[in-house]
Amino acid sequence: MKDLDFVGKDVPRVDAEVKVTGEAIFSVDVTVPNMLWGRMLRSPLPHARILNIDTSRAERMAGVKAVITGEETPFVFGVSHMDQVPLQTEKVRYVGDPVAAVAAVDVDTALEALERIKVDYEPLPAVFDPEEAMQAGAPIIHEGIERNIAANPCYNIGDVEKAFQEADHVFEDRFETQRVAHVCPEPHNCTAVWDASGKLTFYYCSQMPSVSRVQISKALGIPESKVRVITNHVGGGFGSRATSKFPMDFAAIVLARKSGRPVRIEYARDEEFIFSTFRHKFIMTVKTGIKKDGTITGRHITNICDNGAYCDYGPVVTNVGGAMQGTLYRFMNYRYDGYTVYTNLPYGGAMRGIGNPQVHYAGETQLNMIADRLGMDPLELRLKNAVRTGDETASGAKLKSCGLVECLEEAAEKIGWKEKRANPKPNRGLGIACGVHFTGVRLSPGIDADFAGATMTVNDDGSVNLATSCVDIGSGSSTALTQIAAEVLGIEVDKINTIFGDTETCPMGWGSRASRNTAIGGMAVQKAAEDARRQILEAAGVKMEVHPDDLEIRNSTVFVKSAPGKSMSVADVVRFNRYRKDGQAVMAKYHWDAPSQLADPETGRGNFSMAFSFGAKAIEVEVDPGTGQVHILDVAASQDLGKAINPLGAMGQIEGAVHMGLGFAMSEEIALDETGRMKNPYLLDYRVLTSLDMPPVSAILVETNDPIGPYGAKGVGEMATIGTPDAFVSAVAEATGLYITDLPVTPEKVLLALKRKKSKKKAQ
Amino acid sequence: MKREITLRINGETHKLEVENRRTLLEVIREDLQLLGTKKMCDMGECGSCTVLLDGMAVNACLTLAVDARGKKIETIEGVAQGGNLHPIQKSFVDKGAVQCGFCSPGMIMTTKAFLKKNPHPTEEEAKTAIAGNLCRCTGYVRIVDAILSAADSVKE
Amino acid sequence: MKEFEMYEPKRVEEACDLLAKYRGRARILAGGTDLLVELKRGWHKPAALINLKTVKGLDKIRFTKNEGLRIGAMVTWAQLLDSKPVSRHYPLLRMAAEHLGSMQIRNTATLAGNITQASPAANGPLPLLAYDASCVIQGTNGGRTIPVEKMFRGVRKNALKKGEVLTEICVPLPAAGFKGTYYKFALRRAMDLAVVGLGVLVKTRGGTFDEVRIALGSVAPKPFRARNAEKILKGEKIADQLIRKAGETAAAQCSPITDLRASKEYRYELVKELVYKGIKESLV
């Protein structure tokens, strides 16, 4: 195999220059002539019937160009469960549920107009706790949904009861994780523009513009060809833009149609916190059977997912958490009972890791607790049970590449696991955890597809235009895809222009979610590039009177392998090919569907992803026993990504994911009051770590060269989010002797736990 | 009631009619179409709207436009010189400090003001300088790298 | 924000007259970093802002050994950080500046604004209380000077009467031998409000405490000096147990609340620990 010219190199991001000059246009920067500003009126009550909505005073206001209610937005939709309408007509189900929208000449006028809309509500009893919501007699939030259980994804593999009987120890522990927000830098926004021919142009910060197009066209009953979704650069996604934000989107679209002018709706930062579908709160019980020698015999996990008022990605999130826990260790007896439960609260959605980080947190933290209880080394315990290349796991995943063992060993080595545990220092502790995530996924029942598309044209001068279905939401996908195209074509990176985001010029795909861009997007690009390359070599072969198999391309030059002096430029080949009788362009396209399978509907087993990425996190902390403050001394984050197409980019992704994981562990929380109103929807009160709070982070890349992905690549972005809170809590446990598992683990929780431990000791 | 003010931005003079309540951020984005300065929170809590006033980094969202009169205002659009990236911008590109890019203009403006005052910073000083600029993508690691690397190449 | 009138007085007297004329419906605009947030969130809708930036001479820091430090109302936190007299003679004030907000906020926000906004969690009051600073106030009926401690009437309530403007903060030079420290215990190392704030100054004489000053913030509606704790130390032999007792005594003087940042129980514990630590650190 030839040496790689572009893949595996730290190629600077292809979009970095326009971003550092401020030239890069994000959806929120789009301005359209004659644009109006839209705002939505939202319910102040958590659960109520709508008796009447009077918009007349708002309609009469100067500067107000359109007012709409749910009667004008009768579109029913959702992600997996069709339980949403953009504006409510009958019932509101959470504080913030939208009931009307206005479009006006400026934001201040729109906000004033909202104040003039009169809504009469009849309050209904509300429920805010999912365990309560599941009880008989609890208020029913969606008619017909018994006990408010929207979904019940289960896995039942092997015989978990037998496994517990065969175990020497059985441990059961309960864990809860908190709601956290994506905190995308660019707030949610969209601009809807209709033209006289009935065509809609919709500017939207989407992770999946072609899916948004399908959703919009279906709902409005107009052909997809009449809907153009345009996504520019995206200021962060992390899953919050992996589906339409239906209320906002459809309000803008219908207001634009009614007013005859473009309408922009943009969230203020507090709206962004509350309404961009945060990470769900999970209440989990983990029961594990284990033998004396450390072999795990089986696991049973129950997970209650606090969905909030509407499903969005909730059922998928509940499902994923379950699937992945059957993919990490070698036990084959596994049961998972997931419940996606409605509550009268703002609702969650997809967030980086999509349910996996929470369930891993429970499973991995418990494993460390078990190691503690049995006097075993948590690292050794994991190495003993870890899956390996070639395994078919409990969940049905077929691991064609698996670097879990190397990841554990590398992270442990970097943190100084052996030496430091042999010489423990007071108030210091180490924690370790590992995890697995998929690369693209087939976990939505009935949807037997997971694809990406690429189209490619080679120009007269040998430069290339590449269009991908993958949106670069900051992960660097455009750069990685450009590198793959460059490598296959033998044409330099800076001659390839990669675009995304416009449904009129880019192929369809699932967009950017489930860590699929590099691998699935990459395979579509690779295949398209191979086709383009074949076309170039065929044409060159004709011109040079040589068999295409004897030709190679490198540095934009086609040359004869056995006589490199005999060559012509790619540009010359393209021109030769085009400007002749019966000439042809060099154009290629590919739609690549990942070789994964839907799960068996009975057991839930299936090889539901093309590849699985593994990783480990090791953290060292020092605790101040006087204040409870935890200083993180070091973080080692190792990751098996198959092949690092762009190592600098991959490390950047991992470092950013550690930042998110540490926030999840220590400082971030969406705080809701008794009616579900968010108490801290501002960046001062919702604490993402600042530069001064970040500890040293070592990102370690482990390459296992997966046989399927382009150049061996697998997904990166989500696996990197897994394991951080697990390792953190375990490190604090070692430093303090206490497992403080109530996330986020704030200094207060640590100090008060230490004080309680002290007084317990005194009492004994 | 609008009033006439003059603002000097990136060396150019602009005559504008603004209400007292308009912030500098609103005016530069909405009235002047200088879209490089971003609005992430509008409350001075994130630094993405950082511009320089007489060389000092400030949050444009907490600066009234009328208060920016008579000051030398610099935004991200004025940083590159004659089509060439400023050493700080080049450093951000080369060191992998840019992911989604939304925080980048603010980070670069803060860095520009900081390095002028402290041309040879330690890592801790660099981290302190950008402590008011939030990033959700990078974990700040490569941004701090870029600042320290730029410190070596910034001559002015 | 709702629109407002903007006045740009050249002299403090004009500002006072305008404030009096507007009878509470006008606000002083200094740095504006707190005020503009209030306006944006709709907590306050003033009819007018009176811009202090146009009044000459308020942006100076003056220092003499006799008079100590005189900080004008428009002096920013960044200026305090750059000031040699502040670094040399008032280390607690310097530390409070270092821990305030962000570089962008420090370039704009003023110490005077920090005082008049009267947030219980403010950084500024603590070093000023420890240094026995005072506030120079000018009003329509003349001027007065009050100790900084008297500037606070309650949560976000200051002692300025109608038509009064805080023009200067005077900080006497601490007597020789004082050493101290400032803590801002917060959940983040920047861009955060104190869960507990502490300014402490200690002077010893031959193994005994000569004078101790303990200023606490975020643990009561107003920042205050924990005088009971100061009293039990004065004249006593330096001993670890005694310092612990001072921490407990200081905590007993607090009336913290439970809020987004912490519970009152935790704040009590923190006060005990931080007062102890702060005094010990000042003895080194």
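The values are calculated or read from the model by the stated rules, or taken from the named source; none is laboratory data. In this text the structure is predicted, and so the values were computed from the model without any measurement. Please note: Cβ atoms are built from the backbone with ideal geometry, for glycine as well, and neighbour counts cover all protein chains shown. Only protein heavy atoms, including side chains, enter the accessible area calculation; ligands, DNA and RNA are left aside. Shrake-Rupley method; radii C 1.70, N 1.55, O 1.52, S 1.80 Å.
For the range A:481-501, which positions are over 26 Å from A:MET568 (Cβ atoms) and open to solvent by less than 10 Å² (accessible area, probe 1.4 Å)? Full working, then the answer.
Start the filter on the range A:481-501 by keeping residues that are over 26 Å from A:MET568 (Cβ atoms), which leaves A:481, A:499-501.
Matches in the range A:481-501: A:LEU481, A:GLY501.
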Could you check A:VAL170 against (1) among the aliphatic types (A, V, I, L, M); (2) outside any helix (DSSP H, G or I); (3) more than 21 Å from A:ALA350 (Cα to Cα); (4) at pLDDT below 95 and say which number it fails? (4)
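Considering only the range A:130-167, state which residues are of a type in the set (Phe, Trp, Tyr) and modelled with pLDDT under 95. Can you show your working first?
Restricting attention to the range A:130-167, the residues satisfying the condition of being of a type in the set (Phe, Trp, Tyr) are A:155, A:164.
Once the filter is applied, which keeps residues that are of a type in the set (Phe, Trp, Tyr) and modelled with pLDDT under 95, the range A:130-167 yields only A:TYR155.
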Only one of (1) small (Gly, Ala, Ser); (2) surrounded by fewer than 21 Cβ atoms within 10 Å (Cβ to Cβ); (3) assigned by TED's automatic domain parsing to the domain that holds A:TRP417 is not met by A:SER569, so which one is it? (3)
So, in the range A:349-382, of the ones that are open to solvent by less than 10 Å² (accessible area, probe 1.4 Å), of a type in the set (A, V, I, L, M) and out of contact with any strand residue (DSSP E or B) (no Cβ under 6 Å at 6 or more places or on another chain), which residue ends up farthest from A:LYS291 (Cα to Cα)? A:ALA350
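So, restricting to helices (runs of 4 or more DSSP H) that lie completely within the range A:646-764, which ones have at least 1 residues that are β-branched (Val, Ile, Thr), touching a Leu at 6+ places or on another chain (Cβ under 9 Å) and more than 24 Å from A:LYS414 (Cβ to Cβ)?
Working: elements: A:647-666, A:724-736, A:747-763.
Result: A:747-763.
Taking the options A:GLY656, A:GLY661, A:GLY649, A:GLY626, name whichever one is within 14 Å of chain B (Cβ to nearest Cβ), open to solvent by 10 Å² or more (accessible area, probe 1.4 Å) and at pLDDT 95 or above. Spell out how you get there, then give the answer.
Details: A:GLY656 fails: open to solvent by 10 Å² or more (accessible area, probe 1.4 Å); A:GLY661 fails: open to solvent by 10 Å² or more (accessible area, probe 1.4 Å); A:GLY626 fails: within 14 Å of chain B (Cβ to nearest Cβ).
Being within 14 Å of chain B (Cβ to nearest Cβ), open to solvent by 10 Å² or more (accessible area, probe 1.4 Å) and at pLDDT 95 or above holds for just one of A:GLY656, A:GLY661, A:GLY649, A:GLY626, which is A:GLY649.
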Is at least one residue of the range B:63-72 surrounded by fewer than 18 Cβ atoms within 10 Å (Cβ to Cβ), farther than 21 Å from A:VAL18 by Cβ and in contact with a Gly (Cβ under 8 Å, 6 or more places away or on another chain)? yes
Here are the criteria: (1) assigned to a strand (DSSP E or B); (2) within 14 Å of chain B (Cβ to nearest Cβ); (3) open to solvent by less than 20 Å² (accessible area, probe 1.4 Å); (4) not hydroxyl-bearing (Ser, Thr, Tyr). Tell me which single one A:ILE632 does not satisfy. (3)
From the list B:GLU17, B:GLU12, B:GLU30, exactly one residue is surrounded by fewer than 19 Cβ atoms within 10 Å (Cβ to Cβ), over 15 Å from the mean Cα position of the chain (by Cα), within 11 Å of chain A (Cβ to nearest Cβ) and on the phi < 0 side of the Ramachandran plot. Which is it? B:GLU30
The one condition B:LYS90 fails out of (1) within 16 Å of B:GLY47 (Cβ to Cβ); (2) away from chain C (no Cβ under 14 Å); (3) not in a loop (DSSP other than H, G, I, E, B) is (1)
Could you figure out which of (1) aromatic (Phe, Trp, Tyr); (2) assigned to a helix (DSSP H, G or I); (3) within 14 Å of another protein chain (Cβ to nearest Cβ) isn't true of A:PHE238? (2)
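Kindly check whether there is at least one residue in the range A:544-566 that is assigned to a helix (DSSP H, G or I) and crowded, with 18+ Cβ neighbours inside 10 Å. Break it down into steps so the answer makes sense when it comes.
Restricting attention to the range A:544-566, the residues satisfying the condition of being assigned to a helix (DSSP H, G or I) are A:544, A:548-550.
Going one step further and asking which of them are crowded, with 18+ Cβ neighbours inside 10 Å, we end up with A:544.
Within the range A:544-566 (the criterion being assigned to a helix (DSSP H, G or I) and crowded, with 18+ Cβ neighbours inside 10 Å), the answer is yes, since at least one residue qualifies.
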Restricting to the range A:100-127, count the residues that are part of a strand (DSSP E or B) and surrounded by fewer than 23 Cβ atoms within 10 Å (Cβ to Cβ). 6
Please specify each residue of the range C:243-271 satisfying the condition of being under 21 Å from A:PRO625 (Cβ atoms), part of a helix (DSSP H, G or I) and open to solvent by less than 90 Å² (accessible area, probe 1.4 Å). C:ILE243, C:ALA246, C:GLY247, C:ALA250, C:ALA251, C:TYR266, C:ARG267, C:TYR268, C:GLU269, C:LEU270, C:VAL271
Can you name every residue in the range A:507-524 that is modelled with pLDDT of 95 or more and open to solvent by less than 20 Å² (accessible area, probe 1.4 Å)? A:ALA519, A:ILE520, A:GLY521, A:GLY522, A:MET523, A:ALA524
Do we find that C:LEU160 is out of contact with any Cys (no Cβ under 8 Å at 6 or more places or on another chain), free of Cβ contacts under 8 Å to residues at least 40 places away in the same chain and within 28 Å of B:THR63 (Cβ to Cβ) in this structure? no
Could you pull out the residue among B:ILE147, B:ILE108 that is within 14 Å of chain C (Cβ to nearest Cβ), in contact (Cβ under 8 Å) with a residue 40 or more places away in the chain and among the aliphatic types (A, V, I, L, M)? B:ILE147
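Having 3 or more residues that are open to solvent by 40 Å² or more (accessible area, probe 1.4 Å) and modelled with pLDDT of 95 or more is the bar; report the strands (runs of 3 or more DSSP E) wholly within the range A:14-90 that clear it.
A:48-54
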B:GLY101 vs (1) open to solvent by 10 Å² or more (accessible area, probe 1.4 Å); (2) without any contact (Cβ under 8 Å) to a residue 12 or more places away in the chain: all pass except (1)
So, in the range C:117-156, how many residues would count as being in a loop (DSSP other than H, G, I, E, B) and either buried (at least 20 other Cβ atoms within 10 Å of the Cβ) or out of contact with any helix residue (DSSP H, G or I) (no Cβ under 6 Å at 6 or more places or on another chain) (or both)? 13
Counted residues in the range A:470-495 being touching a Lys or Arg at 6+ places or on another chain (Cβ under 7 Å), assigned to a helix (DSSP H, G or I) and within 12 Å of chain B (Cβ to nearest Cβ) come to 1
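Would you mention how many residues in the range B:124-144 are open to solvent by 20 Å² or more (accessible area, probe 1.4 Å) and either within 14 Å of chain C (Cβ to nearest Cβ) or without any contact (Cβ under 8 Å) to a residue 24 or more places away in the chain (or both)? Before you say what the answer is, go through the steps one by one.
Initial filter on the range B:124-144 (open to solvent by 20 Å² or more (accessible area, probe 1.4 Å)): B:124-125, B:127-128, B:141-142.
This time we only want the ones that are either within 14 Å of chain C (Cβ to nearest Cβ) or without any contact (Cβ under 8 Å) to a residue 24 or more places away in the chain (or both), so: B:124-125, B:127-128, B:141.
Residues in the range B:124-144 being open to solvent by 20 Å² or more (accessible area, probe 1.4 Å) and either within 14 Å of chain C (Cβ to nearest Cβ) or without any contact (Cβ under 8 Å) to a residue 24 or more places away in the chain (or both): 5 in total.
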Give me the residue from the range B:34-59 that is more than 13 Å from chain A (Cβ to nearest Cβ) and not in a strand (DSSP E or B) and, out of that set, least open to solvent (accessible area, probe 1.4 Å). B:GLY55
What are the pairs, 6+ residues apart or on separate chains, where a residue within the range C:46-57 that is at pLDDT 95 or above has its Cβ under 7 Å from a residue that is of a type in the set (Phe, Trp, Tyr) and open to solvent by less than 10 Å² (accessible area, probe 1.4 Å)? C:PRO46/C:PHE4; C:ALA47/C:PHE4; C:ALA48/C:PHE4; C:LEU49/C:PHE4
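For every residue, the table says whether it meets (1) within 22 Å of the chain's Cα centre (by Cα); (2) farther than 30 Å from A:ALA529 by Cβ; (3) modelled with pLDDT of 95 or more; (4) in a strand (DSSP E or B).
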{"position": "A:LEU381", "(1), (2), (3), (4)": "no, yes, yes, no"}
{"position": "A:LEU408", "(1), (2), (3), (4)": "no, yes, yes, no"}
{"position": "A:GLU419", "(1), (2), (3), (4)": "no, yes, yes, no"}
{"position": "A:LYS425", "(1), (2), (3), (4)": "no, yes, yes, no"}
{"position": "A:GLY431", "(1), (2), (3), (4)": "no, yes, yes, yes"}
{"position": "A:CYS434", "(1), (2), (3), (4)": "yes, yes, yes, yes"}
{"position": "A:GLY440", "(1), (2), (3), (4)": "yes, no, no, no"}
{"position": "A:ALA449", "(1), (2), (3), (4)": "yes, no, no, no"}
